[in-house]
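Scroll down for the structure; my scribbles are underneath it.
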Amino acid sequence: MAQGSKYKVAFRRRREGKTNYNARMKLVDLDKSRLVIRISNANVIAQIINVGENGDETVVSAHSKELQKLGWLGGTKNTSATYLTAYLCAKKALDKGVKKAVLDIGLKSSIKGAKVFAGVKAANDAGLNVPYGESIVPDDDRIAGVHIAEYAKSLDDEEVKKHFSKYLERGLQPVDLPNHFEEIKNKIEKA
């Protein structure tokens, strides 16, 4: 009888820290679409993905850079951008006939008020059915950027220029962020 090592080498993507196969197997179901929200160092990507015979198939996708084409002047990876990107993705999904999905947050920890849950709320607000608990999503003021506007009001002009230089370069006063958020959301709704 041959004696071999009992050690089993993990799959490459698991070793690289890119895929949790146990969690993935629970999500993979041929009848369910997945709402995948990924936040990189600079952008947000929201996708509706189905499992196909030859691997995952992306049904629709939205990228936070698409928001800039709609006139978005805010950041491309903050909570507001996550909400708007997921809202845009959900609208595209509804046009393709996708009515429900489950959330796939990948390797991210499930933290109350995290950006990915702003995306889930956005998908539901757009009409896509994605189950979630009310207690885990950020509040509406945070999603709209009211906290940023209030913080900007508390600063003097020099501090505003220092902390919000990118917003000012794009032509957006930080105190106007909540109004600008609603304006872009309405553009997505009408598109």
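The table for this structure:
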| quantity | calculated |
| --- | --- |
| Cα gyration tensor category, rounded, prolate or oblate, for the stretch 123-191 with a/c compared to 1.5 | oblate |
| Two-site label geometry, Asn41 and Leu155: point separation in nm, points 7 Å out along Cα→Cβ | 2.3 nm |
| Read-out Cα Rg over 2.2 N^0.38 Å, derived from the coordinates shown; its label in (i) 0.93; (ii) 1.21; (iii) 1.07 | (ii) |
| Cβ-derived FRET efficiency at R0 41 Å, Glu169 paired with Val51, nearest 0.05 | 0.45 |
| Efficiency of FRET between Ala10 and Lys100 - r from beta-carbon atoms, R0 30 angstrom, step 0.05 | 0.40 |
| Alpha carbon centroid spacing (whole Å) that separates the stretch 133-170 from the stretch 18-88 | 24 Å |
| Cβ-based exposure ranking for Phe117, Phe181, in which fewest neighbours within 10 Å come first | Phe181, Phe117 |
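Values quoted throughout were computed directly from the atomic coordinates according to the rules given, and no laboratory measurement underlies them. Quick caveat, the model's predicted, so the values are computed rather than measured. Virtual Cβ from ideal backbone geometry, glycine too; neighbours counted across all protein chains shown.
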